[in-house]
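The structure under discussion appears below in the form of structure tokens.
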Amino acid sequence: MTRTLVLGGTRSGKSRYAEDLLPADEPLRYLATARHLPDDPEWSARIAAHRARRPAAWTTLEDTDAAAVVRAGGGPLLVDDLATWLTGELDDAGAWDATETPAAIDAAVDELVAAVRVAPDRLVLVSAEVGLGVVPATRAGRLFRDELGALNAALAGVCDEVVLLVAGLPLRLK
């Protein structure tokens, strides 16, 4: 059993690379973390494009409790992506308007990392790498960058493999 974390920037090829790590003709659970925004047609089109390229043998799960899905087992699992999962957690906790990061965020991250550490099946996680750019001008931007960086670092610590995609090219970090 292998746990792989695939990191990359926007349009780096991280999702496609992660998908290619797993057999297209075998059953797989695909945890799609993007939340539907009915008033955002561009976001809906992005979700539809991701759905359309998934092989027929894969089962799409749309569940906000990523830790429970990872712990549950049931065969290979691809989680795409943790940046959108974290965004939902920050939304749910009211973190954008809080003066300090709510404790619920640390709890959710700790729970996910613990689940990944003991994942019973092949696991591929996709996450954005946002720490290579400028310091965001807004508190919300800095909060997201900092929390995602901490999540990625914690997951890298419990994964067997870590790959960074840059311009479509994979760099093996671990």
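The values are calculated or read from the model by the stated rules, or taken from the named source; none is laboratory data. Treat the numbers as computed from the prediction; the structure is a model and nothing was measured. We place every Cβ from the backbone using ideal geometry, glycine too, and count neighbours over all the protein chains shown. All accessible areas refer to the heavy atoms of the entire protein, side chains included, with ligands and DNA or RNA removed. Shrake-Rupley method; radii C 1.70, N 1.55, O 1.52, S 1.80 Å.
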With label points set 7 Å from each Cα along the Cα-to-Cβ direction at Ala48 and Glu26, the distance between them in nm comes to 3.3
How much accessible surface does Arg16 have with a 1.4 Å probe, in Å² rounded to 10?
120
If you count only protein heavy atoms and use a 1.4 Å probe, how large is the accessible surface of Glu42, to the nearest 10 Å²?
100
Considering only protein heavy atoms, what per residue accessible area in square angstrom results for the chain with a 1.4 angstrom probe?
50
Distance in nm between label sites at Thr101 and Thr138, each 7 Å beyond Cα in the beta-carbon direction?
1.9
Amide H contacts under 5 Å for Val79, placed H, 5+ residues apart:
Leu31, Val124, Leu125, Val126
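Shape verdict for the chain, please, from the Cα gyration tensor: rounded (a/c under 1.5), prolate (a/b greater than b/c) or oblate.
Numbers: a/c = 1.37, a/b = 1.30, b/c = 1.05.
Rounded.
Assuming a ≥ b ≥ c are the square roots of the Cα gyration tensor eigenvalues, decide whether the range 18-96 counts as rounded (a/c under 1.5), prolate (otherwise, with a/b larger than b/c) or oblate. All intermediate terms of the calculation are to be shown ahead of the outcome.
Numbers: a/c = 2.59, a/b = 1.34, b/c = 1.93.
Because a/c hits 1.5 or more and a/b fails to exceed b/c, the range 18-96 counts as oblate.
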The simple spin-label model distance between Arg172 and Thr60, using points 7 Å out along Cα→Cβ, in nm, is 3.3
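Heavy atoms only, probe 1.4 Å: what % of the accessible area of the chain goes to carbon and sulfur, would you let me know?
Details: 4900 of 8740 Å².
Carbon-and-sulfur percentage of accessible area, whole number: 56.
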Find which of Ala156, Pro136, Val116 sits farthest along the positive direction of the dipole of the range 54-167, computed with +1 on the beta-carbon of Lys and Arg, -1 on that of Asp and Glu, about the Cα centre.
Ala156
